[in-house]
1. Under 19 Å between alpha carbons, and skipping anything fewer than 8 positions from residue B:358 in its own chain: which aspartates and glutamates qualify?
2. About the Cα centre of the protein assembly as shown, what is the dipole size in debye to 20, counting +1 per Lys and Arg Cβ and -1 per Asp and Glu Cβ, all else neutral?
3. Would you pull out the residues with amide H under 5 Å of residue B:403's amide H, same chain only if 5 or more places away, H placed 1.01 Å from N?
4. Quick one: Karplus J couplings for the range B:81-90, per residue in order, coefficients 6.51, -1.76, 1.60, θ = phi - 60°, nearest Hz, x for Gly and Pro?
5. Considering Cα pairs under 8 angstrom that are at least six residues apart, work out the relative contact order of chain B and quote it in whole percent.
6. If you restrict to DSSP beta bridges whose two residues both lie in chain B, what percentage is antiparallel, to the nearest 5?
7. With 22 Å as the limit, write out which pairs from A:73/B:65; B:376/B:535; B:227/B:395 have Cα-Cα distances beyond it, or answer none.
8. Would you work out which of B:67, B:202, B:411 lies farthest towards the positive end of the dipole of the protein assembly as shown? Charges go on Cβ: Lys and Arg +1, Asp and Glu -1.
Amino acid sequence: MPDVLYTLTLQVRDAPGVLVRIAHVFARRSCNVSSVQVKPHAGGIWSDMTIEARNVMRITQIVQQLEKIIDVKSVYVHNNERKS
Amino acid sequence: MDGATALIRTLEKHNVEYIFGYSGGAVIPIFDALITSKTKIKFILVRHEQGALHMADGYARASGKPGVALVTSGPGAGNAITGMMTAQMDSVPLVVLSGQQVTSMIGLDAFQEADVFNMSMSVVKHNYLVRKVNDLPRTVDEAFHLATTGRPGPVLIDIPKDVSSSAFTAELDQPVDLPSYEHEYDVDESEIAKLVAAWQKAERPLILVGHGVLIAKAEKELTQLAKAMDTPVTTTLLGKGAFPETDSLSLGMLGMHGTAYANKAVVECDFLLNVGSRFDDRIVGKTSEFCKNAFKAHIDIDASEIDKMIKVDVSIRADAQKALAVVQERIKPAKHIAWNKHLDEYRQKYPLQYDVAKHLTMQQVIDKLCQLTEGKAVVSTDVGQHQMWAAQFYKTERPNNWLSSGGAGTMGFGMPAAIGAQFARPNDTVIAIVGDGGFQMTEYELATACIHKLPVKIFIFNNHYLGMVRQWQELFYDNRESGVDLEGNPDFVKLAEAYGAKGVNIASADEMDAKLREVFATNDRPVVVNVEVMKTDNIFPMIPPGAALEDMIIEPPTTKMDKPTGST
């Protein structure tokens, strides 16, 4: 199976611990996070988080588990065809 | 008013009756407020934080209301982790309050400081570290909301000592602030239409009922639908009680140690409706073989459970009660005489049975307990052989009466959970069915039961072994016993008496009836019953881990079995 580099964009609460909660979901399913970028919205309670991850066995599970995090508002999976 | 008093006032607003917990340095302000606030909330001092968590859990499962626990920082919160994991795996609503070092010392390795926020993250639905006293009541409101709505679970609030002891200057009532939390979903009518059409034309339909039916309080809708559609019902371990197990449509529990007829129904059905079960590995066995020719529908409030283990033809993400009510409106009653007759033949051919010849067995005693209490007692269990036999032979008739650690499989759960249940339902009979192994993991909570003179009946099924692991070693590892002999068990009758409980010993079938009368006649204190059972009994039916349901072993195998490769 080719190791696809997944790119996800999440809208999250700008709250302490949100990055750890998200990292847990990837780590527990043996995924490697290649890059993370967090950009807080100006003056608001939200941040945009872009994550690139490899070794993703079940992207649907990952997305659904991310969506269950109370501080995560939305999860969007980008071009999942790009090779690493 | 200080933060601790504001906390107590908020707990009162949520109608908290009991807090189960243990004191310590970081929670002294909260313990002080329990007195100075003159609250009516009763605090139950336990002997170990794991006990407090399981009591809150048992209280929640038996009452349908959230349980509350209060522990101190560091080791106190550490000891609470297993209890939170147990509740999280079984979707039980808990609010756990932990003390923390003062905010200025957090991160400096101060005395009894632990990073409980991070430690607990993977065993809770959500957690908080409160840094401002004025946020405390709103955080508690959010915790109760999160714990009890959607798919329930434990929520931890870590409260630094300076937060609980400083002056509270805001309003107690503040709106909850959870803009990214969704928990209510509309029933998808087009999926319902597909479900109804498939059920309507099914010849061999089957309903699989999980804990979600009890959580959604959908027992009435489920029972009416099963009857109207003449469709047999099998439940998971945690679904016991959602449908009366003595009903002619009940097949009992399915799965690894389920009834042969339930598993055969799963293999042969042409339509399967799963309501509120997560297709756990203990019930599906080999996933590629599970129920493979049937049309499968799944109702679950948690989207991540749909298609996780078993791919289904129809899925409805909704509250079970709401979804079943819509199905009821759309469907026309049906009869399945031939299918039910066929399953009856399986019931006759492969009944749950036990040998009454030589030794006293767990099955015989549990069967008797079920008869004596007419299936209406609240029963909690530990984990292992006794748990599976209890699931088989104690026919649960009513909701919220079966308390068992299913997902986590936490030994030590049974007795404290029974204590919590007895607090929730003081007038009902509460029985703990535990093994000699699990009992010794939380036996110190006998003190808590004795202090409050709770009439819990604790049956220790004593085979002097960790029986389930010994069974696997016998079946799959050439009977090499390793780490399973519980040599050195204390005299449980004397132990009970030392705590102030009544101790009873049952060593043979001849004395069982008289001794049980004595047990059920004692209602002024806990009763601990040591039941000396056959040492090396094995539980069947059994589906070897990772095997298909068709490969169920109904009787003890006569040839050596391969080591299992599937789920532990």
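FYI, it's all coordinate maths here, none of it is from the lab. These figures come from a predicted structure and were not determined experimentally. We place every Cβ from the backbone using ideal geometry, glycine too, and count neighbours over all the protein chains shown.
1. Output for residue B:358: B:367, B:510, B:511, B:513, B:532, B:537, B:555.
2. Here the size comes out at about 620 debye.
3. Amide H neighbours of residue B:403, under 5 Å, 5+ apart: B:379, B:380, B:381.
4. Per-residue couplings from phi come out as 4, 4, x, 5, 4, 4, 5, 5, 5, 9 Hz.
5. Once normalised by length, the contact order is 14 percent.
6. DSSP beta bridges in chain B are roughly 5 percent antiparallel.
7. Violating the 22 Å Cα-Cα cut-off are A:73/B:65; B:376/B:535.
8. B:202
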